[in-house]
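Reading through the C-alpha coordinates given below for one structure.
The values are calculated or read from the model by the stated rules, or taken from the named source; none is laboratory data. All values derive from a computational prediction rather than experimental measurement. Reconstructed Cβ throughout: ideal geometry from the backbone, glycine too, with neighbour counts over all protein chains shown. What goes into the accessible areas is simple: the full protein's heavy atoms, side chains included, and nothing from ligands, DNA or RNA. Shrake-Rupley method; radii C 1.70, N 1.55, O 1.52, S 1.80 Å.
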Amino acid sequence: MPIHPIDCVLAVTYNCNSRCTMCDIWKISGYPEMPPGQYAKLPDSLLDINISGGEPFLRKDLPEIISVVGRACPKARIVISSNGFATEMIMVQMKKIIAVKPDIGVAISIDGIGEMHDQMRGIPGGFDKAMSTVKGLQVMGIGNLRLGFTVTERNVKHLRRVYDLANEMGIQFTHSFAQSSEFYFGGKQNTEFQNLSDESMTEGMAVGVETPKEKTGPMGKLLNEQYCYLINSELRSWNVKRWLRAYFAFGMYNFITGKNPVLSNAPGRDFFFIDPGGIIYPSVVHNIKLGNFAEIENFMDFWNSPAMSENRKKIDNSKMPVWMICTARTAIKKHPFRVMWWVLKNKLSGFKM
Ligand code: SF4
(Lines give C-alpha, C1' and ligand atoms only; values in the text may rest on other atoms or scores of the structure.)
Protein backbone atom coordinates (compact mmCIF):
# COMPACT_ATOMS: atom_id res chain seq x y z
CA MET A 1 0.00 0.00 0.00
CA PRO A 2 1.48 3.39 -0.92
CA ILE A 3 2.01 5.81 1.95
CA HIS A 4 0.10 9.07 1.57
CA PRO A 5 1.35 12.01 3.67
CA ILE A 6 -1.49 14.04 5.15
CA ASP A 7 0.17 16.80 7.15
CA CYS A 8 3.20 19.03 6.61
CA VAL A 9 5.00 22.19 7.69
CA LEU A 10 6.48 24.41 4.98
CA ALA A 11 9.03 26.93 6.23
CA VAL A 12 9.04 29.37 3.32
CA THR A 13 11.78 31.65 4.68
CA TYR A 14 14.26 31.84 7.56
CA ASN A 15 14.17 35.65 7.54
CA CYS A 16 12.61 36.88 10.75
CA ASN A 17 11.90 40.25 12.34
CA SER A 18 11.63 38.81 15.86
CA ARG A 19 14.35 38.19 18.44
CA CYS A 20 12.91 35.21 20.29
CA THR A 21 14.69 33.72 23.30
CA MET A 22 13.82 30.12 22.33
CA CYS A 23 14.83 30.29 18.67
CA ASP A 24 17.88 31.48 16.72
CA ILE A 25 16.32 31.55 13.25
CA TRP A 26 16.49 35.35 13.34
CA LYS A 27 20.31 35.08 13.34
CA ILE A 28 20.29 33.30 9.94
CA SER A 29 20.72 35.38 6.80
CA GLY A 30 20.95 34.51 3.13
CA TYR A 31 19.31 31.08 3.43
CA PRO A 32 18.04 29.97 -0.02
CA GLU A 33 14.32 30.14 -0.75
CA MET A 34 12.46 28.04 -3.30
CA PRO A 35 10.47 29.94 -5.92
CA PRO A 36 6.66 29.68 -5.51
CA GLY A 37 6.22 27.41 -8.56
CA GLN A 38 8.15 24.58 -6.86
CA TYR A 39 5.31 24.08 -4.37
CA ALA A 40 3.11 22.81 -7.22
CA LYS A 41 4.80 19.43 -6.65
CA LEU A 42 3.19 18.96 -3.20
CA PRO A 43 1.04 15.81 -3.00
CA ASP A 44 -2.72 16.31 -3.18
CA SER A 45 -3.19 13.87 -0.27
CA LEU A 46 -2.31 16.63 2.20
CA LEU A 47 -5.13 17.66 4.54
CA ASP A 48 -3.30 20.12 6.80
CA ILE A 49 -0.49 22.49 5.81
CA ASN A 50 1.23 24.94 8.11
CA ILE A 51 3.06 27.79 6.37
CA SER A 52 5.83 28.74 8.72
CA GLY A 53 9.23 30.43 8.83
CA GLY A 54 10.98 32.55 9.95
CA GLU A 55 8.28 35.10 9.43
CA PRO A 56 6.34 34.00 6.31
CA PHE A 57 4.85 37.45 5.65
CA LEU A 58 8.37 38.79 4.98
CA ARG A 59 8.20 36.93 1.65
CA LYS A 60 6.68 39.40 -0.79
CA ASP A 61 5.53 36.50 -2.97
CA LEU A 62 3.62 34.80 -0.11
CA PRO A 63 0.22 35.27 -1.86
CA GLU A 64 1.64 33.47 -4.91
CA ILE A 65 2.96 30.64 -2.72
CA ILE A 66 -0.46 30.23 -1.06
CA SER A 67 -2.13 30.23 -4.46
CA VAL A 68 0.20 27.47 -5.76
CA VAL A 69 -0.12 25.38 -2.56
CA GLY A 70 -3.92 25.78 -2.57
CA ARG A 71 -4.17 24.55 -6.16
CA ALA A 72 -1.78 21.62 -5.58
CA CYS A 73 -3.55 20.52 -2.38
CA PRO A 74 -7.25 21.38 -2.79
CA LYS A 75 -8.36 19.32 0.25
CA ALA A 76 -5.87 20.92 2.65
CA ARG A 77 -6.59 23.39 5.43
CA ILE A 78 -3.80 25.97 5.21
CA VAL A 79 -2.71 27.99 8.24
CA ILE A 80 0.01 30.67 8.24
CA SER A 81 1.99 31.00 11.49
CA SER A 82 3.23 34.53 12.11
CA ASN A 83 4.74 36.58 14.92
CA GLY A 84 2.29 39.34 13.94
CA PHE A 85 4.79 42.18 14.39
CA ALA A 86 4.55 43.76 10.91
CA THR A 87 0.84 44.62 11.16
CA GLU A 88 0.57 46.88 8.13
CA MET A 89 2.46 44.54 5.81
CA ILE A 90 0.45 41.55 7.03
CA MET A 91 -2.83 43.34 6.28
CA VAL A 92 -1.69 44.20 2.74
CA GLN A 93 -0.55 40.62 2.10
CA MET A 94 -3.68 39.10 3.62
CA LYS A 95 -5.97 41.07 1.31
CA LYS A 96 -4.21 39.41 -1.63
CA ILE A 97 -4.17 36.00 0.06
CA ILE A 98 -7.89 35.85 0.84
CA ALA A 99 -8.55 36.68 -2.81
CA VAL A 100 -6.92 33.35 -3.76
CA LYS A 101 -7.63 31.32 -0.58
CA PRO A 102 -10.66 32.74 1.27
CA ASP A 103 -10.62 30.05 4.01
CA ILE A 104 -6.97 30.63 4.93
CA GLY A 105 -6.16 30.37 8.65
CA VAL A 106 -3.68 32.52 10.60
CA ALA A 107 -2.00 31.78 13.94
CA ILE A 108 -0.38 34.73 15.71
CA SER A 109 2.18 33.95 18.42
CA ILE A 110 1.30 35.30 21.86
CA ASP A 111 3.64 33.94 24.55
CA GLY A 112 2.29 35.89 27.50
CA ILE A 113 0.41 39.01 28.45
CA GLY A 114 2.16 42.38 27.95
CA GLU A 115 5.74 42.49 29.15
CA MET A 116 6.04 38.69 29.27
CA HIS A 117 5.43 38.44 25.53
CA ASP A 118 7.85 41.31 24.85
CA GLN A 119 10.57 39.52 26.84
CA MET A 120 9.94 36.15 25.18
CA ARG A 121 10.07 37.65 21.71
CA GLY A 122 12.76 40.26 22.40
CA ILE A 123 10.64 43.04 20.87
CA PRO A 124 9.65 46.06 23.02
CA GLY A 125 5.92 46.71 22.55
CA GLY A 126 5.66 43.32 20.80
CA PHE A 127 2.46 42.30 22.61
CA ASP A 128 0.62 45.43 21.47
CA LYS A 129 1.88 45.00 17.90
CA ALA A 130 0.85 41.33 17.71
CA MET A 131 -2.56 42.08 19.25
CA SER A 132 -3.12 44.88 16.70
CA THR A 133 -2.59 42.27 14.00
CA VAL A 134 -5.00 39.84 15.66
CA LYS A 135 -7.68 42.53 15.89
CA GLY A 136 -7.03 43.63 12.28
CA LEU A 137 -7.46 40.05 11.09
CA GLN A 138 -10.70 39.76 13.06
CA VAL A 139 -12.01 42.91 11.38
CA MET A 140 -10.94 41.48 8.02
CA GLY A 141 -13.19 38.50 8.76
CA ILE A 142 -10.55 35.75 9.05
CA GLY A 143 -12.62 32.98 10.61
CA ASN A 144 -9.81 30.53 11.30
CA LEU A 145 -7.79 32.74 13.64
CA ARG A 146 -5.64 31.44 16.50
CA LEU A 147 -3.38 32.61 19.29
CA GLY A 148 -0.30 30.38 19.42
CA PHE A 149 1.58 29.98 22.72
CA THR A 150 5.10 28.49 22.95
CA VAL A 151 5.60 26.91 26.37
CA THR A 152 8.89 27.57 28.18
CA GLU A 153 9.85 27.69 31.85
CA ARG A 154 9.79 31.46 31.79
CA ASN A 155 6.26 31.93 30.46
CA VAL A 156 4.35 28.80 31.50
CA LYS A 157 2.65 30.81 34.27
CA HIS A 158 0.91 32.82 31.51
CA LEU A 159 -0.46 29.75 29.69
CA ARG A 160 -3.96 29.98 31.15
CA ARG A 161 -4.04 33.77 30.81
CA VAL A 162 -3.39 33.59 27.06
CA TYR A 163 -5.84 30.68 26.80
CA ASP A 164 -8.49 32.83 28.55
CA LEU A 165 -7.65 35.79 26.29
CA ALA A 166 -8.26 33.65 23.19
CA ASN A 167 -11.61 32.48 24.60
CA GLU A 168 -12.64 36.05 25.49
CA MET A 169 -11.83 37.12 21.92
CA GLY A 170 -13.73 34.14 20.49
CA ILE A 171 -10.69 32.75 18.70
CA GLN A 172 -8.84 29.44 18.93
CA PHE A 173 -5.87 28.69 21.17
CA THR A 174 -2.95 26.49 20.13
CA HIS A 175 0.28 25.73 21.94
CA SER A 176 3.62 24.12 21.29
CA PHE A 177 6.73 23.38 23.29
CA ALA A 178 10.13 25.06 22.86
CA GLN A 179 12.14 22.07 21.68
CA SER A 180 15.73 21.74 20.57
CA SER A 181 16.62 21.03 16.98
CA GLU A 182 19.93 20.67 15.18
CA PHE A 183 18.58 22.35 12.05
CA TYR A 184 15.34 24.17 12.98
CA PHE A 185 14.94 27.00 15.55
CA GLY A 186 18.30 28.15 14.11
CA GLY A 187 19.86 25.10 15.78
CA LYS A 188 18.89 26.42 19.23
CA GLN A 189 19.27 23.91 22.08
CA ASN A 190 16.47 24.53 24.55
CA THR A 191 16.69 22.88 27.96
CA GLU A 192 13.17 23.52 29.17
CA PHE A 193 11.69 21.74 32.20
CA GLN A 194 14.67 19.49 32.82
CA ASN A 195 14.36 20.14 36.51
CA LEU A 196 10.74 20.24 37.57
CA SER A 197 11.82 20.83 41.17
CA ASP A 198 13.27 24.25 40.29
CA GLU A 199 12.31 26.70 43.05
CA SER A 200 12.72 29.80 40.91
CA MET A 201 9.43 29.96 39.05
CA THR A 202 6.68 30.07 41.70
CA GLU A 203 5.65 33.67 41.10
CA GLY A 204 2.32 33.83 39.30
CA MET A 205 0.85 30.56 40.60
CA ALA A 206 -2.91 30.94 40.81
CA VAL A 207 -4.60 30.47 44.18
CA GLY A 208 -7.49 28.05 44.69
CA VAL A 209 -6.93 25.98 41.57
CA GLU A 210 -7.03 22.25 42.04
CA THR A 211 -3.52 20.91 41.55
CA PRO A 212 -2.45 17.32 41.08
CA LYS A 213 -1.07 15.29 43.93
CA GLU A 214 2.17 14.59 42.14
CA LYS A 215 5.13 15.31 44.43
CA THR A 216 7.07 17.65 42.19
CA GLY A 217 8.74 20.94 43.00
CA PRO A 218 7.17 24.35 42.40
CA MET A 219 7.93 24.27 38.68
CA GLY A 220 6.25 20.90 38.30
CA LYS A 221 3.22 22.11 40.29
CA LEU A 222 3.01 25.27 38.18
CA LEU A 223 3.06 23.20 35.01
CA ASN A 224 0.41 20.83 36.40
CA GLU A 225 -1.80 23.68 37.54
CA GLN A 226 -1.71 25.43 34.16
CA TYR A 227 -2.41 22.25 32.19
CA CYS A 228 -5.17 21.04 34.55
CA TYR A 229 -6.92 24.40 34.06
CA LEU A 230 -6.61 24.28 30.27
CA ILE A 231 -7.61 20.61 29.92
CA ASN A 232 -10.61 20.84 32.27
CA SER A 233 -11.83 24.05 30.59
CA GLU A 234 -11.76 22.34 27.19
CA LEU A 235 -13.44 19.20 28.53
CA ARG A 236 -16.28 21.21 30.12
CA SER A 237 -17.37 22.42 26.67
CA TRP A 238 -19.78 20.53 24.39
CA ASN A 239 -17.55 20.84 21.36
CA VAL A 240 -15.74 17.79 19.97
CA LYS A 241 -12.90 19.90 18.57
CA ARG A 242 -12.24 21.30 22.04
CA TRP A 243 -12.24 17.80 23.55
CA LEU A 244 -9.58 16.83 21.03
CA ARG A 245 -7.60 19.92 22.00
CA ALA A 246 -7.83 18.76 25.63
CA TYR A 247 -6.34 15.43 24.57
CA PHE A 248 -3.60 17.20 22.64
CA ALA A 249 -2.80 19.25 25.76
CA PHE A 250 -2.72 16.05 27.84
CA GLY A 251 -0.21 14.62 25.34
CA MET A 252 1.82 17.83 25.50
CA TYR A 253 1.97 17.70 29.31
CA ASN A 254 3.21 14.11 29.15
CA PHE A 255 5.76 15.06 26.51
CA ILE A 256 7.09 18.03 28.50
CA THR A 257 7.38 16.01 31.70
CA GLY A 258 9.15 13.14 29.93
CA LYS A 259 6.39 10.56 30.41
CA ASN A 260 5.53 7.90 27.85
CA PRO A 261 3.92 9.36 24.71
CA VAL A 262 0.12 9.11 24.85
CA LEU A 263 0.05 7.95 21.19
CA SER A 264 2.72 7.03 18.69
CA ASN A 265 2.85 9.34 15.69
CA ALA A 266 4.47 8.92 12.33
CA PRO A 267 6.99 11.53 11.17
CA GLY A 268 8.33 10.62 7.77
CA ARG A 269 5.13 8.71 6.96
CA ASP A 270 2.06 10.87 7.64
CA PHE A 271 4.08 14.02 8.05
CA PHE A 272 7.08 15.95 6.71
CA PHE A 273 8.82 19.30 7.03
CA ILE A 274 10.39 21.25 4.15
CA ASP A 275 12.90 23.99 4.86
CA PRO A 276 12.99 27.19 2.73
CA GLY A 277 15.65 25.76 0.41
CA GLY A 278 13.68 22.57 -0.22
CA ILE A 279 15.40 20.08 2.13
CA ILE A 280 12.80 17.56 3.33
CA TYR A 281 12.92 16.25 6.93
CA PRO A 282 10.61 13.86 8.83
CA SER A 283 9.79 16.64 11.33
CA VAL A 284 11.37 19.83 12.67
CA VAL A 285 13.39 17.82 15.21
CA HIS A 286 14.45 14.69 13.26
CA ASN A 287 17.75 15.62 11.64
CA ILE A 288 17.48 13.14 8.77
CA LYS A 289 17.62 14.67 5.30
CA LEU A 290 15.10 12.74 3.21
CA GLY A 291 15.67 14.54 -0.07
CA ASN A 292 15.69 17.84 -1.91
CA PHE A 293 12.24 18.98 -2.97
CA ALA A 294 13.66 21.03 -5.84
CA GLU A 295 15.15 17.86 -7.38
CA ILE A 296 12.05 15.68 -7.03
CA GLU A 297 9.84 15.20 -10.08
CA ASN A 298 6.97 13.27 -8.52
CA PHE A 299 6.52 13.51 -4.76
CA MET A 300 4.54 10.27 -4.35
CA ASP A 301 7.21 8.28 -6.25
CA PHE A 302 9.82 9.78 -3.94
CA TRP A 303 7.72 9.16 -0.78
CA ASN A 304 7.26 5.49 -1.66
CA SER A 305 10.79 4.85 -2.96
CA PRO A 306 13.24 2.23 -1.57
CA ALA A 307 15.41 5.12 -0.29
CA MET A 308 12.48 6.33 1.85
CA SER A 309 12.01 2.82 3.27
CA GLU A 310 15.64 2.93 4.41
CA ASN A 311 15.15 6.43 5.84
CA ARG A 312 12.10 5.24 7.80
CA LYS A 313 14.28 2.63 9.50
CA LYS A 314 16.61 5.46 10.59
CA ILE A 315 13.63 7.48 11.88
CA ASP A 316 12.34 4.50 13.87
CA ASN A 317 15.81 3.74 15.23
CA SER A 318 16.27 7.33 16.39
CA LYS A 319 13.40 6.77 18.87
CA MET A 320 13.11 10.53 19.12
CA PRO A 321 9.80 11.50 20.73
CA VAL A 322 7.82 14.27 19.09
CA TRP A 323 4.46 15.80 20.06
CA MET A 324 3.43 18.75 17.94
CA ILE A 325 0.00 19.58 16.62
CA CYS A 326 1.08 18.59 13.11
CA THR A 327 2.21 15.09 14.10
CA ALA A 328 -0.32 14.61 16.94
CA ARG A 329 -3.32 15.49 14.75
CA THR A 330 -2.80 12.46 12.53
CA ALA A 331 -2.17 10.18 15.53
CA ILE A 332 -5.40 11.35 17.20
CA LYS A 333 -7.38 10.71 14.00
CA LYS A 334 -6.03 7.15 13.85
CA HIS A 335 -7.08 6.28 17.41
CA PRO A 336 -10.61 7.72 17.74
CA PHE A 337 -11.92 5.17 20.29
CA ARG A 338 -8.94 5.46 22.59
CA VAL A 339 -9.15 9.28 22.51
CA MET A 340 -12.94 9.42 23.02
CA TRP A 341 -12.72 6.96 25.92
CA TRP A 342 -10.18 9.27 27.58
CA VAL A 343 -12.47 12.26 26.91
CA LEU A 344 -15.53 10.56 28.35
CA LYS A 345 -13.73 9.35 31.46
CA ASN A 346 -12.14 12.71 32.23
CA LYS A 347 -15.19 14.77 31.30
CA LEU A 348 -17.27 12.84 33.82
CA SER A 349 -14.75 12.69 36.64
CA GLY A 350 -12.75 15.90 36.06
CA PHE A 351 -9.21 15.65 34.79
CA LYS A 352 -6.39 15.26 37.33
CA MET A 353 -2.74 14.60 36.58
S1 SF4 B 1 10.24 31.48 16.93
FE2 SF4 B 1 9.37 32.24 15.01
S3 SF4 B 1 9.23 34.44 15.33
FE4 SF4 B 1 10.70 33.67 16.84
S5 SF4 B 1 12.75 33.88 15.88
FE6 SF4 B 1 11.99 31.78 15.49
S7 SF4 B 1 11.01 31.95 13.50
FE8 SF4 B 1 11.20 34.06 14.26
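Quick notes on this one:
- Qualifying positions in region 40-66 - away from the ligand (no atom under 16 Å from the Cβ) and either closer than 20 Å to Arg329 by Cβ or touching a residue at least 40 places away in the same chain (Cβ under 8 Å) (or both): Lys41, Leu42, Pro43, Asp44, Ser45, Leu46, Leu47, Asp48, Ile49, Ile65
- In region 92-123, the residue that is most open to solvent (accessible area, probe 1.4 Å) out of those that are away from the ligand (no atom under 16 Å from the Cβ), in contact with a strand residue (DSSP E or B) (Cβ under 7 Å, 6 or more places away or on another chain) and assigned to a loop (DSSP other than H, G, I, E, B) is Lys101.
- Qualifying residue in region 7-16 (condition: touching a residue at least 60 places away in the same chain (Cβ under 8 Å) and away from the ligand (no atom under 16 Å from the Cβ)): yes
- Residue in region 19-35 that is over 26 Å from Ala178 (Cα atoms) and in contact with a helix residue (DSSP H, G or I) (Cβ under 8 Å, 6 or more places away or on another chain) present: yes
- Of the residues making up region 244-294, those that are of a type in the set (A, V, I, L, M, F, W, C) and touching a Pro at 6+ places or on another chain (Cβ under 8 Å) number 6.
- The residues of region 126-169 that are aliphatic (A, V, I, L, M), out of contact with any strand residue (DSSP E or B) (no Cβ under 9 Å at 6 or more places or on another chain) and touching a residue at least 40 places away in the same chain (Cβ under 8 Å), listed by number, are Met140, Val156.
- Matching residues, region 22-36, being more than 9 Å from the ligand (Cβ to nearest atom) and either among the basic types (Lys, Arg) or in a loop (DSSP other than H, G, I, E, B) (or both): Ile28, Ser29, Gly30, Tyr31, Pro32, Glu33, Met34, Pro35
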